[in-house]
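Presented below is the structure to which this report refers.
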Amino acid sequence: MLRATSRATARPLLRRLLVGAAASVAAAGSLTAVSPAAYAQAGGIGLLSPTKPGGPDRDHLTVTVRNAGGGADGTFELYCGPDGGSHPDPRGACAALERDTRWGQDVFAPAPKGGFCTMQYGGPATAHVTGTWAGRPVDATYDRRDGCQISRWDRLVPLLPSVGAKT
């Protein structure tokens with residue numbers, strides 16, 4: 001009889017321990033699930049960031065554009081959080097990057113290999129982007145040799161200059 005009583009007493013205690021542990025894991029997971037977009041919307045300061053704006057962890061990219069025409073060629077520096085640098089449109093460029101930044105995805109990732117791309121030529125423009133974005137190193141190249149590459153380029157306008165046919 002003593003054995004049945006101790007089991008009956010142990011079950012609620014075990015259940016409370018398991019529920020408490022599960023709640024702790026869930027709470028810890030919600031604290032670490034802050035997306036880069038939420039970080040950017042918070043201005044990169046406060047509870048989401050240990051550094052001040054303009055500090056050593058500030059997002060910084062160097063964008064080199066060639067053969068784009070219309071005065072868009074050159075090498076430009078871009079800083080985000082706060083926005084600045086020699087880029088022609090730092091606010092727009094940072095906004096384009098923030099818009100496409102998703103947790104677990106690389107905004108600068110190349111087009112998937114083996115994909116079906118339209119066979120169109122978007123011109124001779126090329127770009128090379130290096131630096132740091134969302135705490136990660138960046139070294140990405142861009143061109144406009146087919147539909148996938150054109151789409152990848154256009155997704156980052158105005159970080160990269162708008163080129164091609166105007167509609």
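The values are calculated or read from the model by the stated rules, or taken from the named source; none is laboratory data. Quantities reported herein were computed from a predicted structural model and do not represent experimental measurements. Quick reminder, even Gly has a Cβ in these numbers, built from the backbone with ideal geometry, and neighbours come from all protein chains shown. Quick note on the areas: whole protein, heavy atoms, side chains included, nothing else; ligands and nucleic acids left out. Shrake-Rupley method; radii C 1.70, N 1.55, O 1.52, S 1.80 Å.
For segment 135-164, filtered to residues that are touching a residue at least 60 places away in the same chain (Cβ under 8 Å) and open to solvent by less than 50 Å² (accessible area, probe 1.4 Å), the residue that is nearest to Gln105 (Cα to Cα) is Val138.
If the condition is being within 13 Å of the chain's Cα centre (by Cα) and assigned to a strand (DSSP E or B), then segment 133-145 contributes Trp133, Arg136, Pro137, Val138. How about segment 146-167: which of its residues are of a type in the set (D, E, K, R) and either within 25 Å of Glu77 (Cα to Cα) or not in a loop (DSSP other than H, G, I, E, B) (or both)? The answer is Arg152, Asp154, Arg155.
Can you confirm whether segment 91-99 contains a residue that is within 21 Å of Gly71 (Cβ to Cβ), at pLDDT 95 or above, over 14 Å from the mean Cα position of the chain (by Cα) and among the aliphatic types (A, V, I, L, M)? Checked segment 91-99: no residue is within 21 Å of Gly71 (Cβ to Cβ), at pLDDT 95 or above, over 14 Å from the mean Cα position of the chain (by Cα) and among the aliphatic types (A, V, I, L, M). Within segment 100-116, the set of residues being part of a loop (DSSP other than H, G, I, E, B), open to solvent by less than 40 Å² (accessible area, probe 1.4 Å) and of a type outside the set (A, V, I, L, M) comprises Thr101, Phe108. Of the listed requirements (1) part of a helix (DSSP H, G or I); (2) at pLDDT 55 or above, Ala23 misses just one: (2).
For segment 131-145, a residue qualifies if it is over 14 Å from Ala72 (Cβ atoms) and of a type outside the set (A, V, I, L, M), and the qualifying residues are Gly131, Thr132, Trp133, Gly135, Arg136, Pro137, Asp139, Thr141, Asp143, Arg145.
Every condition in (1) open to solvent by less than 80 Å² (accessible area, probe 1.4 Å); (2) farther than 15 Å from Arg66 by Cβ; (3) assigned to a strand (DSSP E or B) holds for Thr130 except the one numbered (2).
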